[in-house]
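Beneath this line is the structure, given in structure tokens, with notes to follow.
The values are calculated or read from the model by the stated rules, or taken from the named source; none is laboratory data. The model shown is predicted, which means the values in this text are computed figures rather than measured ones. All Cβ positions, even for glycine, are placed from backbone atoms using ideal geometry, and neighbour counts span all protein chains on display.
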Amino acid sequence: MALTDITRREVEKAIEECDRLGRDAFLKHHGFRRARRYLLSYEGEQYDSKAIVGAAHGFLPGQQPLAAGDFSGGAAHAAGLLRSLGFDIAEDHPVSGPTADDLVHRVTHLKVNRSSGHPALYQPIALLWAMGRALRGEQRLLPWTETEETLKALLERHGLRGERPRPDYPVASLHHVGVWSLHDYAEPVTTAHGDAKVRRWFAANQPLGGLAEPLYELFRDSEVTRLAVIDELADTFFDGLDCTPLLADVGLRDIESADLPEVTEGEPEQWLITAAEYERGCRLVEEREAKTHGERISRTTQRPRRSRAARHLVLRRSKGRCENPQCTGQPADVTDRRHPILEVDHVVDLAGGGRDHPSQMVALCPNCHAVKTRGSTREVLREILLRVAQERHDAMPNTI
Ligand SMILES: [Zn+2]
């Protein structure tokens, strides 16, 4: 007898028992705690999914109830089983689950598989695809057939030579670190690395899946997070490779400037970035700095990649105006996308020890940029701009 032998009949008996004993006595009797996440809704009442399944097992002929420790699959497993029997499961956010920032940290610290020499691209391809979906506000969870088909095509187009187009690989790995949520499956999620086992699990269970909800929401709402994650994935997985075609394919091309406000008359408030967003951006930029520091020599590309997130923060901070206090006037014209004509400058070259961080970067109009690069007063201007960058950066969280 297995959990899958349980039918609605046993579940309804367990529900009756819970009604008779009362929730807490029922949980105590069977050795469960209150459900944190998955609640079974039945005739207007809510029940603890895992405890109900445990008790239901005891109503199978010749079987004993199962206690919490007897379950290998956890609460999600019990909830999946109940759903498969046609019961409604109300899913609450876990009280102490990972925050969106925790999840971003996991994404920027993924384990890299280098079995073929170069980092395998399964995970970044899956993540960037899902990020593009979040950006467009598309449905977070997709049936497995849809995920499989779309991701397979992307892996075929953008995977490394010799990588097999296996969508189950990245989804299983990302699920394992809590970044990808899976729902509506009956058997416990496989943790096996065995090739056939993983594929078989997905084929048999057809999970509904997508990015973990807090991460999806952050990717949807926070441009600087998207940019910082792209920076990180590019650094970690695409060293020496061009990820632009992939970014274009998943709808993430040009995102550096896509969300900047258009230049309109007298509406600088459109440029506002919240203190939380600026701080989150700086924190991510700083994490990347700490991580890449000292790594440059071992990379195939000697030139450090510049942070898209840092550039974005500087443009937002500039509110579309040249940040040189001595600016004699930036062009009144705008780009085709109606963005201001501005260049983001590292006041001290990265090669000369400057930081790829908003506190040492400024947005300059082309005139000021030319003076700063080759004007006779460039040294004086550089000192001024260094001070301005630091001051504007320091003032940022307070000026919103
Ligand atoms: Zn200027």
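Annotation: of all residues in region 1-35 being touching a residue at least 60 places away in the same chain (Cβ under 8 Å) and not in a helix (DSSP H, G or I), the one that is surrounded by the most Cβ atoms within 10 Å (Cβ to Cβ) is ILE6.
For region 161-212, the set of residues classified as closer than 22 Å to LYS50 by Cα, under 22 Å from the mean Cα position of the chain (by Cα) and assigned to a helix (DSSP H, G or I) consists of HIS175, HIS176, listed by residue number.
For ARG311, indicate whether it is buried (at least 19 other Cβ atoms within 10 Å of the Cβ) and either modelled with pLDDT of 90 or more or in the same structural domain as VAL104 (by TED's automatic domain parsing) (or both). So ARG311 fits the description; yes. Candidates are the residues of region 322-365 that are under 18 Å from ALA389 (Cα atoms) and among the small types (Gly, Ala, Ser); the one that is nearest to the ligand (Cβ to nearest atom) is ALA363.
For region 326-340, the criterion of being surrounded by 16 or more Cβ atoms within 10 Å (Cβ to Cβ) and either of a type in the set (A, V, I, L, M) or without any contact (Cβ under 8 Å) to a residue 12 or more places away in the chain (or both) is satisfied by no residue at all.
Taking the conditions (1) crowded, with 23+ Cβ neighbours inside 10 Å; (2) part of a strand (DSSP E or B); (3) among the aliphatic types (A, V, I, L, M) in turn, VAL53 satisfies each one other than (2).
When the residues of region 347-383 are filtered to those that are in contact with a helix residue (DSSP H, G or I) (Cβ under 7 Å, 6 or more places away or on another chain) and assigned to a helix (DSSP H, G or I), the one that is surrounded by the most Cβ atoms within 10 Å (Cβ to Cβ) is PRO358. On the stretch given as region 80-108, residues that are out of contact with any His (no Cβ under 8 Å at 6 or more places or on another chain), among the small types (Gly, Ala, Ser) and at pLDDT below 85 total 3. Looking only at residues in region 318-346 that are in a strand (DSSP E or B) and under 19 Å from LEU272 (Cβ atoms), the one that is modelled with the lowest pLDDT is PRO340. So which of VAL198, VAL229, VAL179 ends up being surrounded by 19 or more Cβ atoms within 10 Å (Cβ to Cβ) and either at pLDDT below 95 or aromatic (Phe, Trp, Tyr) (or both)? When all the criteria are applied, what remains is VAL198.
Restricting the first member to region 366-380 and to residues that are away from the ligand (no atom under 13 Å from the Cβ), and the second to residues that are not acidic (Asp, Glu), the beta-carbon pairs closer than 7 Å and six or more apart or on different chains are THR377/VAL371; ARG378/VAL371; ARG378/LYS372.
Report whether or not LEU151 is touching a residue at least 60 places away in the same chain (Cβ under 8 Å), over 30 Å from ASP5 (Cβ atoms) and surrounded by 17 or more Cβ atoms within 10 Å (Cβ to Cβ). When the stated conditions are applied, LEU151 does not pass them. Scan region 128-151 for residues that are closer than 17 Å to ASP221 by Cβ and not basic (Lys, Arg) and the total you get is 8. Taken over region 218-238, the residue count meeting the criterion of being without any contact (Cβ under 8 Å) to a residue 60 or more places away in the chain and closer than 19 Å to HIS357 by Cα is 1.
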